[in-house]
Amino acid sequence: MQAKVNPVGEPLQYADVNRDVIRSLTQTGRRYYIALATAFGLTIVCFFFPWFYQLYYGLGAAGMNHPGVWGTYLANFIFWIGLSHSGTLLSCVLHLTNSTWRKAMYRSAEAMTLFSLMVAATFVMVHVGRPWFIHWALPYSNQMELWPNFRSPLLFDVMAIATYLTGSSIFIYMGSIPDFAAARDRTAGWRHHMYVLLSMGWRGTDKEWHRLGWAYTFLAVLIIPLAVSVHSIVSWDFAMSLVPALHQTIFAPYFVVGAIYSGTAGIVTVMFVLRKSMNFEQYITEVHFDNLGKLLLALSLMWTYINIVELFTGWYSGTSAEHEALKFKLFGYYALLYWEMILFCAVAPLLLISTRFRTSLVPMLILSIAINIGMYTERFLIVATSLSRQYLPDAWGLYVPSLVEISILVGSLAMFVTLFLLFVKIFPSVSMYEVKETMGAPGREFPEKGTELWPKTQ
Amino acid sequence: MAENAVGLFARPELALSAAEELVDAGFTATELMSPVPVEGVEEVLGRNKSAIKRFTFFGCIFGACFGFSLAAGTAVLYLHPTGGRPIITVPPFLIITYEMGILFGILATVIGFFISARLPAMSDRVYVPEASVDKFVVTVPCSNREEFDRAEGILRNADAEEIRAIGEVL
Amino acid sequence: MSLVEQWRKSWEKYSKPGYYDEFDYAWTMSIDLDKCTGCEACVTACQAENNLPIVGEEDFSRGREIKWIRIERYWVGEYPNIKLGFIPMLCQHCDAAPCETVCPVSATYHNQDGLNTQIYNRCIGTRACAVYCPYEVRYFNFTTYHWDAPLEQQLNPDVTVREKGVMEKCTFCIQRIRQAKDRAKDDGRRRVRDGEVQPACVQTCPSQALVFGDRKDPDSQVSQMIAMEKSRAYRVLEALNTSPSVVYLKKVDDDAS
């Protein structure tokens, strides 16, 4: 592993970290503005305009019917929440295990979590039939003396996602306070004022570091069970129904593993883009992709196992409804999508066994995008195939998404990119103090004996 | 504010030994500012264990009670039989309890952090911008010239890169 | 009685399972499949009585029809020994309804008459109830449907019309039940007599395959029907433990041995 050098050829110093990261905040080139304008424009055109049409016409603008009353909106919702799982959850777990390779990338991963959650929250409003009454799902005292139904899995959803959104935003903010202070010192004008407010007067005294360390650890300890519970609760929207293909206890682990899986693939994609566009080659290296690749492989194997369990228990049950649901899933109208999902999520990730593959960046990018396409297909299939084949054969039907739904999916991706682009100009997207922690103290020989900058690949 | 003797160090061990000497010489309000947390500073400067864990604990307890009473209380307030289930159904309400417990635990941790770290800083406090980049800074508030000279001497002996005086000049 | 007293009384009443048995009525329908000819008169009557929207040809072909009671058809056997079985399927008003627990805004609940009611004004259209219903008898308004003139003249003023985004389903013609109960109250707090209230489908069925009444009253026609035809009586998807209030009487098959 070559030693890190700054542009003048000396070993990387603390000051270089500050300079590089803060430069990414203040210097905006034309490429950034074009990207931001495109993403924002796509959001307006592909997400908001079709949604407004749907608000006017009714949910008939989407392709849903009877019995396929749930469609891509719910699949998108699950997908975006799944994508949100890796960032904060992974960051917390790796923080508690004192891993070093997490340090450079966790800030962007947590940002991914936050924005995926925000996009998922908008899908709740797109999905319901009368979104102007969506506030009735919140517990507030009102004239009607009506409260939401806390026995409902959908309400567990509301509580869990509200908690997760709050927790993720607090977590990413707390971790960024020292970096906001560093940015405050090196910026001027409106940026300086913004960072003065955001950094809350952080000085970096020993007492502040001590308190931050404990608060951060407690937050990590609280957020890990929270993240696991959030996606389990989302899965129970399906698993508590009586639909043959959905009413399974495997759903909670299935969804949590799937969420971490697709989220980690999302992190790989985001890392690649960030590295390229912000010139973070020194900070995000092959080692990160290597470790993420190992994690992806483990998750892929778990996901494959869970799918096999689902198929097996469905077949083993012997009930005609389950058999029909399975047959439809594997060989019915959506069979092509099913086998594409298996190819992208169970077969292709086996390439990650090879170290060379894991450390080559462009193949990792392609694989991560393929995994996310496969995982999206999985969410879509869960909704579409199960509702098509329920207990009463006369009520079997077929669901085909409409143009409005596809456009809104594309628009949601654009919305996520817009939010992320705004993020990289406000939050330091690489955590400066954590990177410095792994660099070894200044003034010593670099890298000093016994402390490696980045863990070597095995 | 009183004048502060400020010493900038390039390496954390030097700053730490300087701080130790200062504390031994009677300057108990010494502070060590750094861009990264420094190992071993708690023993030297005697920071007490944080009170944050108490905030977290009571926040979680409060949140759990709040969650369960929200769910069960509203269910009893407006009777709404659904699905043949009893009015206070424990398994779903336990989930609400759990989520609210974690929510309030998180909020309490944040509040506890701000209170115990005494942030946000409402008034000016002594600060050196290099502390957020790559220097380890020891600050000592001194109330008179004699103390300032003593502190300055200790800092110089400890190989400070630079010594500054911040605050009113005495 | 103070608030706390009220709470305690309600809590005692509702905390034990089986509290539905203490409700005023337990409306039940029995459907004799031997008498049913599949003529779909009940479907038409329901559409007329309850202001069911006419979704139009295009939406119907996309699978968005709204039929609170539908005749399901099942082909059995191969040509030339094909048999067609049909079964009217409507909301079963389950005592352990899976749809009631899942509505996040409490738009559907089990009322004092043992009916599963849908409150259109409260519904925000999450459609979870439709997914959770194993009989798939809940229908969603995908848009605000209109009746072409002069069909809007025949709308029933006792029943609301639903706007887009709202779920609807069979209500056992709750407007008729409510009117019957009001009449009974005006007559001096008597119970609703058997046969006094009939949903539109029951009233219209030409072969009188549908019988409606209160199963808490052992003398009602429906209770006697179920008791007499015990060997034929069954409930659909009983194994799912939904406790439906609709009892089907199996068709007598001459060819079966």
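No value in this document is a laboratory result; all are computed from the given coordinates. Bear in mind that the values here come from a model prediction, so they are computed numbers and not experimental data. All Cβ positions, glycine included, derive from the backbone under ideal geometry; neighbour counts span all protein chains shown.
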Along the charge dipole of the protein assembly as shown, which of A:Ala239, B:Ala10, B:Phe93 sits closest to the positive end, that is, farthest toward it, with unit charges on the beta carbon of Lys, Arg, Asp and Glu (+1, +1, -1, -1)?
A:Ala239
Fewest-first ranking of A:His127, A:His135, using other Cβ atoms within 10 Å as the exposure measure
A:His135, A:His127
For helix A:286-317, what angle does its Cα long axis make with the longest principal axis of chain A, in degrees from 0 to 90 and rounded to 10?
20
Note on chain A: contact order normalised by length, alpha-carbon pairs under 8 Å, 6 or more apart, percent, works out to 31
What does the structure give for B:44-52 when I average, per residue, the other chain Cβ atoms found within 10 Å of the residue Cβ?
4
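Could you size up the charge dipole of the protein assembly as shown around its Cα centre, putting +1 on the beta carbon of Lys and Arg and -1 on that of Asp and Glu, and report it in debye to the nearest 20?
On the way: 76 positive and 84 negative charges, 98 e Å.
The calculated dipole for the protein assembly as shown is roughly 480 debye.
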Heads up, region A:1-118 by the C-alpha gyration tensor (a ≥ b ≥ c square roots of eigenvalues; a/c under 1.5 rounded, else a/b over b/c prolate, else oblate) looks oblate
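Around A:Gln248, what is the net charge, scoring Lys/Arg as +1 and Asp/Glu as -1 over all other residues with Cβ under 11 Å from its Cβ? Before the final figure, lay out the partial values.
Details: positive: none; negative: A:Glu310, A:Glu322.
With Lys, Arg at +1 and Asp, Glu at -1, the net is -2.
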At what distance in angstrom do the alpha carbon centres of region A:253-318 and region C:1-78 lie from each other?
45
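Neighbour counts of other C-beta atoms within 10 Å: give me A:Asp237, C:Asp219 arranged from fewest to most.
C:Asp219, A:Asp237
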Selected from C:Gly188, C:Gly77, C:Gly18 as most flexible by GNM, with chain C as the system and alpha-carbon contacts under 10 Å:
C:Gly77
Whole-Å distance, taken between Cα centres, linking region A:174-219 and region C:86-163
54
Out of region A:125-209, which chymotrypsin sites (Phe, Trp or Tyr not before Pro) are coil in DSSP terms and have no more than 15 other C-beta atoms within 10 Å?
A:Tyr140
Scattering profile of the protein assembly as shown from the Debye formula, Cα beads only, expressed as log10 I(q)/I(0) at q = 0.10 Å⁻¹, is -1.12
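For region C:43-100, run through the GluC sites (Glu not before Pro) and keep only the ones in DSSP coil with at most 13 other Cβ atoms within 10 Å of their Cβ.
Values: sites: C:Glu49, C:Glu57, C:Glu58, C:Glu65, C:Glu72, C:Glu78, C:Glu100; in loops: C:Glu65, C:Glu78.
The qualifying sites are C:Glu78.
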Averaged across A:390-400, how many Cβ atoms of other chains sit within 10 Å of each residue's Cβ atom?
5
Using the Kirkwood radius built from alpha carbon pairs, what does the Stokes-Einstein equation give as D for region C:24-249 at 4 °C and 1.567 mPa s, in µm² per second?
70
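What size of dipole, in debye to the nearest 20, comes out for chain A about its Cα centre when the only charges are +1 on Lys and Arg C-beta atoms and -1 on Asp and Glu C-beta atoms? Write down the numbers at each step before the final one.
Details: 30 positive and 26 negative charges, 192 e Å.
The calculation lands at about 920 debye.
For the protein assembly as shown, what does the helix formula give at 222 nm: sum of -39500 (n - 2.57) over DSSP H segments with n ≥ 4, over the residue count, nearest 500 deg cm²/dmol?
It comes out at -17000 deg cm²/dmol, rounded to the nearest 500.
Sum up the charges of everything whose Cβ sits under 15 Å from the Cβ of C:Lys169, counting Lys and Arg as +1 and Asp and Glu as -1, but leave C:Lys169 out.
Values: positive: C:Arg64, C:Lys67, C:Arg70, C:Arg122, C:Arg127, C:Arg138, C:Arg162; negative: C:Glu49, C:Glu65, C:Glu100, C:Glu136, C:Glu168.
Here the count lands on +2.
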Rounded to the nearest 10 degrees, the helix A:251-278 long axis (Cα) sits at an angle to the longest Cα principal axis of chain A of 40
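Could you work out the equivalent-ellipsoid semi-axes for region C:105-164, taking the square root of 5 times each eigenvalue of the Cα gyration tensor, largest first, in whole Å?
Working: eigenvalues 117, 47, 24 Å².
Each semi-axis is √(5λ); the values are 24, 15, 11 Å.
Sequence gap at least 6, Cα distance under 8 Å: using those rules, report the relative contact order of region A:1-150 to the nearest whole percent.
Working: 80 pairs, mean separation 25.5, N = 150.
With pairs under 8 Å counted, the relative contact order is 17 percent.
Just want the ordering: B:Asp149, C:Asp95, from fewest to most Cβ atoms lying within 10 Å of their own Cβ.
Ranking B:Asp149, C:Asp95 by Cβ neighbours within 10 Å, fewest first, gives B:Asp149, C:Asp95.
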Using alpha-carbon pairs under 8 Å, 6+ residues apart, how would you state the relative contact order of chain C in percent?
28
